[in-house]
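The values are calculated or read from the model by the stated rules, or taken from the named source; none is laboratory data. Because the structure is a prediction, the values reported are computed rather than measured. Counting neighbours? That spans all protein chains shown, and the Cβs are built from the backbone with ideal geometry, glycine included. Each accessible area value is taken on the protein alone, full model and side chains, heavy atoms only, with ligands, DNA and RNA left out. Shrake-Rupley method; radii C 1.70, N 1.55, O 1.52, S 1.80 Å.
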Amino acid sequence: MHNGIIENHDELREKQQQAGYRFTSQTDTEVIVHQIHHYLDQGQDLLAAVQSTINDLEGAFSLGVISKNEPGRLIATRRGSPLVIGLADGEMMIASDVAALVSETKKFIFLEDGDVADISADGMNVFDQQGVKIERQVKMSSITLDATDKGDYPHYMLKEIHEQPRAIADTLEGRIGSNRVLEAAFGDGAGEIFDKVAGVHIIACGTSYHAGMVGRYWLESLAGIPCSVEVASEFRYRHPVVRNNSLIVTLSQSGETADTLAGLHEARRLGFGQALSICNVPESSLVRESDLVLMTHAGPEIGVASTKAFTTQLVAMLLLTIVLGRRSGMSAETGTRLVNELRSVPGKVEHALALNDQIKALARAHFSDKKNALFLGRGAQFPVAMEGALKLKEISYIHAEAYPAGELKHGPLALVDESMPVVVVAPNNELLEKLKSNMQEVSARGGELIVFADTEVGICSAPGITVLPVAPTEDSIAPIIFSVPLQLLAYHVAVLKGTDIDQPRNLAKSVTVE
């Protein structure tokens with residue numbers, strides 16, 4: 001049993017064929033089997049053969065290995081891909097995720113990278129990547145049998161907001177090596193398809209559209225690749241001009257969004273190019289109809305207002321930016337820096353979640369009697385502002401809209417007065433001074449500013465301005481981090497308004513009709 005990607009499978013396949021091994025498939029899994037068999041033929045037992053084999057493998061994987069010659073023995077190992085061992089009375093089980101085994105046990109061992117577990121009826125021994133026998137702690141899982149249980153949270157949405165550090169970590173696991181993105185995570189033949197990409201065409205709806213907009217900033221500014229982003233319901237009717245060698249990227253939580261599926265079909269008909277789906281549901285139509293797939297691992301998202309699906313889509317878009325950037329002049333140093341910044345995202349989201357109580361108090365002080373709100377951002381934070389406005393209107397029924405902050409004088413400044421809260425996203429980037437000037441324009445008209453600001457930008461609370469401090473964050477990952485406090489703001493305002501937060505009126509989780 002194999003979960004993951006073996007990057008050097010072509011090299012191993014060639015050596016094995018020269019040694020006389022016959023192949024019945026094109027899967028990298030078969031290469032692993034032959035390599036284990038090679039060491040068994042040299043007289044090693046199953047444990048030693050697996051240990052020798054994993055030293056030959058490059059990439060991310062988890063393995064479960066059994067042999068008819070050693071019945072009653074199971075070897076389990078992992079590197080980069082998840083694997084857990086469940087412990088029950090008189091039995092042990094392996095799986096990629098705790099959720100698969102919670103019906104059988106609450107006790108688990110989580111293997112570290114490079115660990116090898118030798119499991120039999122007599123017990124279990126675990127060895128680290130140096131082959132040294134070690135003990136791994138047995139942990140009790142808090143996951144319930146029903147993955148859709150709210151647990152101690154009053155609403156699914158709040159639960160899902162707080163699940164984001166784990167969802168992001170799960171989406172990254174198995175996709176990044178020591179200093180690079182494993183492009184085979186996008187599917188068989190991804191490298192050959194990416195080699196031909198001259199541009200990217202993103203098709204999505206709603207929250208996923210906002211993720212695509214952030215992705216456009218990354219693809220153009222970091223990777224130097226031209227990118228366009230389309231609302232799916234518009235794309236399918238506007239007779240777009242075909243661009244040669246464009247990669248179609250569709251984003252969807254459910255993979256069943258009717259307009260996005262129709263947009264993919266139209267792009268196929270027009271001959272745009274091959275398609276990549278970024279999706280949270282592996283069995284979905286969008287996944288089945290795409291050439292390449294990058295699954296987000298957000299887990300079940302019950303609340304209609306998307307939260308963890310959005311941030312994991314952003315993570316996926318940055319992974320795509322890195323692999324395409326390699327082909328368009330992105331330096332190895334930049335790629336390594338972005339990978340390391342991605343690794344830091346779960347911890348920085350945890351810091352953002354710590355603002356919960358302050359945001360709750362802010363909502364009560366500034367939004368309890370409001371009916372309108374304006375959201376401002378610049379650069380890649382403009383789509384984040386759009387997403388913040390969407391969340392607020394979806395679940396609190398407050399009218400909210402977002403603008404690029406530089407557009408204030410082109411209309412929305414006419415709306416600003418003391419009864420209009422203006423929410424500003426202020427990371428520490430090259431547009432900061434421009435943003436401060438835009439904020440001054442609001443203050444001069446008596447507007448009430450609520451600013452989510454990087455702690456290093458020097459913006460402080462004062463009469464007419466309330467600052468929520470966000471921990472220092474690199475510019476490339478700031479859209480992911482700053483999305484989280486805006487989700488919490490929408491949630492706490494909706495609680496004050498007494499709305500049906502998880503099932504807001506007139507809306508459905510998956511829009512499966514046009």
Among 126-139, 416-429, 103-116, how do they line up by average Cβ neighbours within 10 Å per residue, starting with the highest? 416-429, 103-116, 126-139
Sorted by accessible surface (1.4 Å probe, heavy atoms of the protein chains only), largest first, ARG236, ARG243 come out as ARG243, ARG236
At a Cα cut-off below 23 Å, give the lysines reachable from LYS348, other chains included and same-chain residues fewer than 8 away excluded. LYS159, LYS308, LYS360, LYS391
Using alpha carbon centers only, the stretch 87-120 is separated from the stretch 195-262 by a whole-angstrom value of 40
If you average the C-alpha positions of the stretch 311-352 and of the stretch 378-403 separately, how far apart do those two centres end up, in angstrom? 24
Per residue, accessible area of the stretch 225-356 with a 1.4 Å probe, heavy atoms of protein chains only, in Å², comes to 35
Heavy atoms only, probe 1.4 Å: what % of the accessible area of the chain goes to carbon and sulfur, would you let me know? 49
Order by protection proxy (mean Cβ within 10 Å, highest first), peptides 384-391, 356-363: 384-391, 356-363
Would you mind putting 216-222, 482-488 in packing order, based on average other-beta-carbon counts within 10 Å, highest first? 482-488, 216-222
Counting heavy atoms of the protein chains only and a 1.4 Å probe, report the per residue accessible area for the stretch 400-493 as a whole number of Å². 38
Heavy-atom SASA rank of ARG175, ARG505 (probe 1.4 Å, accessible area, largest first): ARG505, ARG175
How would TYR397, TYR491 line up by accessible area, probe 1.4 Å, largest first? TYR397, TYR491
Give me the angle, in degrees from 0 to 90, between the Cα long axis of helix 258-270 and the longest principal axis of the Cα atoms of the chain, rounded to the nearest 10. 70
